[in-house]
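So the structure is just underneath, and the comments pick up after that.
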Amino acid sequence: MYWLKKGLWPIGIIITSTMLFLLILITVLSVPTVYAKQTLSKNAIAGTATVQTTPTEDLTVTTLNKELLTQELNDQQHTRDNWLWSNVATILSSALSTLVIVIGVLFGFWQWSVGRKDTQNKASEDRRIEQDKELKDRQAEREKRAEERFQSAVTGLGDEKEGTRIGSAILLRTFLRPGYEQFYTQTFDLAVAHLCLPRASSPSENQTAPLTTLSQTLIVIFREAFPLARSQNDESPQMLDATRIQLDNAYLALADVRNIWMPYASLQQADLKGADLRGANLNEADLKSANLEGANLAGANLKGADLGGVNLKSANLNEADLKSANLEGANLAGANLKGADLGGVNLKSANLNEADLKSANLEGANLAGANLNGTKLEGVNLKGANLNRASFVKANLEDADLKDVNLNDANLNGANLMKANLENAQLEGAKLKGVKLNGITLFRANLERATLYGADLSNARLNGANLKRSNLERAVLENTDLSGANLSQANLKRAKFERTNLFKANLSQTNLIGARGLTEDQLLIYKTMGAITDGLIIDASQSDISSPSSAQRDPVETSSTTLPQGRTLPSHKTGNETTKDKD
């Protein structure tokens with residue numbers, strides 16, 4: 001808008017000048033008329049005064065005076081009109097001349113202004129071109145000097161003297177400042193090249209060593225250079241290859257190494273607390289005893305990585321690939337492992353206290369002696385996993401797949417196993433006190449010597465299960481399928497039976513003292529089968545013997561199985577279907 005306003009100002013001056021000239025012209029033309037009117041007024045006044053002073057004058061004289069006055073007025077009017085006609089050409093000519101002069105002056109001034117502006121613009125453009133040329137020359141000179149400095153740093157890092165190498169490393173770090181973008185990737189590659197460690201031929205050669213001043217400086221360069229170089233190669237992270245890099249004992253806390261490409265890297269005892277390792281490739285990397293507390297490893301590739309004794313407390317491993325990794329003795333307390341692939345992982349003696357493993361894959365994993373207290377394991381896949389002596393106190397295993405798992409001597413007290421699949425699972429000596437086992441499948445599972453004190457096994461499927469010498473005191477067995485189960489020497493004292501299926505169950509030396517929900521007839525039959533029933537509290541209202549009309553009240557109880565002694569065992573089902581062998 002400024003240039004538009006600036007370009008219109010000559011036109012405004014011309015219009016103003018023209019209007020001023022016309023105003024002057026109108027004023028000039030109006031002067032004679034005013035003058036004539038003033039003259040006529042004076043004469044009229046004079047004539048009137050004369051008439052009044054000579055009231056005795058003859059009528060003829062008065063008439064003559066009037067005619068003379070009229071003639072004088074006419075002459076004056078004629079004289080004014082003649083003046084206008086005779087001077088209008090001159091007036092108009094003067095006005096036009098003045099207008100032309102004004103326009104000429106204004107045009108000349110405008111032309112001068114435009115020429116002056118063009119001259120100034122040309123001078124400004126010339127100065128800009130000269131400045132750009134000077135800047136380009138300076139930039140070229142600066143880049144030349146920078147290239148020479150970079151080459152000297154490269155040469156110095158290969159020097160035999162350690163002092164020279166350290167000085168060169170310090171010099172190399174200066175190329176990570178703004179303005180040296182062309183050196184970011186080269187600086188990273190150079191740092192990696194001097195930090196790389198060839199694959200060890202034997203374990204004895206791959207020992208951690210104290211950091212030197214040179215290696216510390218190069219680690220700092222590596223840490224600072226990677227995010228800068230990544231911004232230039234974000235679509236191809238593998239272009240920044242740090243395979244087999246040696247970062248043992250390195251301090252990389254809170255480092256931004258997202259999408260880093262470090263397969264086979266050595267990071268033993270490295271401090272990576274709170275580091276951003278999302279999407280990092282750490283395939284078969286050595287991270288023994290590293291500190292990864294609070295680190296973000298979401299989507300990271302840790303297949304075959306050695307994480308023995310590593311600290312992953314509160315770390316984020318959401319959907320990370322840990323297949324075949326070694327996490328023996330690792331601390332994963334409070335870690336996020338939702339959807340993580342831990343198939344075949346060694347988690348022996350690992351601490352997973354209150355970790356989140358929802359929908360994770362732990363098929364074939366070794367969790368022997370691991371701490372999983374309070375862990376979230378809903379829908380987890382633990383097929384064939386070794387959970388021997390593992391602790392699952394108050395863990396949530398609802399709907400988990402525990403088929404063929406080894407839970408011998410495991411502690412599952414207070415755990416939630418509702419709808420879990422424990423088919424063919426080994427639970428010998430396992431502790432299941434107060435466990436929620438509603439609807440659980442323990443088909444042919446081995447629960448020998450298991451502790452199920454007060455466990456809720458309602459609607460559970462335990463047909464064919466081995467419960468020899470197990471403790472089921474006060475257990476709830478409502479609608480539980482124990483057909484074909486081995487309950488010999490088991491403790492079912494004060495257990496609650498309701499619609500329980502014991503068809504072909506082994507009750508040899510089974511303790512049924514104080515059991516609830518069994519009829520007197522059933523108790524007598526179980527006694528003949530070897531069960532311990534002395535001191536039983538019999539509910540006479542449900543006894544077939546004491547209540548002759550019981551069969552009429554519950555016609556389903558007429559279905560029975562045949563015992564070797566020729567006696568019949570009334571079915572324990574009270575629903576609308578008869579007892580069936582579910583083996």
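The values are calculated or read from the model by the stated rules, or taken from the named source; none is laboratory data. What you see is a predicted model; the values in this text were computed from it and never measured. Positions of Cβ are backbone-derived with ideal geometry, glycine not excepted, and every protein chain shown enters the neighbour counts. With ligands, DNA and RNA removed, areas are computed over all heavy atoms of the protein, side chains included. Shrake-Rupley method; radii C 1.70, N 1.55, O 1.52, S 1.80 Å.
Listed values, structure above:
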| quantity | calculated |
| --- | --- |
| Cβ-Cβ FRET estimate between residue 155 and residue 216, R0 fixed at 25 Å, reported to 0.05 | 0.70 |
| Ordering of 502-513, 174-185, 459-470 by burial proxy (mean other Cβ atoms within 10 Å per residue, highest first) | 459-470, 502-513, 174-185 |
| Overall form of region 349-439 per C-alpha gyration tensor (a/c, 1.5; a/b vs b/c) | rounded |
| Under-5 Å amide H pairs with residue 498, H placed in peptide plane, nonlocal only | 477, 478, 479, 480 |
| Accessible area of region 318-365 divided out per residue, in Å², using a probe of 1.4 angstrom | 35 |
| Highest to lowest packing among 339-345, 253-259, scored as the average C-beta count within 10 Å | 339-345, 253-259 |
| Extension gain from residue 177 to residue 70, taking 0.36 nm per residue of separation minus the Cα-Cα distance | 27.9 nm |
| Inter-label distance for residue 189 and residue 516, nm, one decimal - labels placed 7 Å from Cα along Cα-to-Cβ | 7.8 |
| Region 462-510: C-alpha gyration tensor shape, a/c 1.5 cut-off, then a/b vs b/c | oblate |
| Gyration tensor (alpha-carbon) shape descriptor, region 239-345, a/c threshold 1.5 | rounded |
| Chain lengthening between residue 63 and residue 238 when straightened (0.36 nm per residue, less Cα-Cα) | 50.2 nm |
| Pairwise FRET efficiency - residue 208 versus residue 143, Cβ, R0 = 35 Å, nearest 0.05 | 0.30 |
| Rounded percent of accessible protein surface that carbon and sulfur make up, region 357-435, 1.4 Å probe | 36 |
| FRET efficiency for residue 98 and residue 129, using Cβ-Cβ distance with R0 set to 41 Å, rounded to 0.05 | 0.30 |
| Listed residue pairs exceeding 19 Å between alpha carbons, taken from 431/468; 468/493; 313/431; 348/436; 436/504; 288/394 | 313/431; 348/436; 436/504; 288/394 |
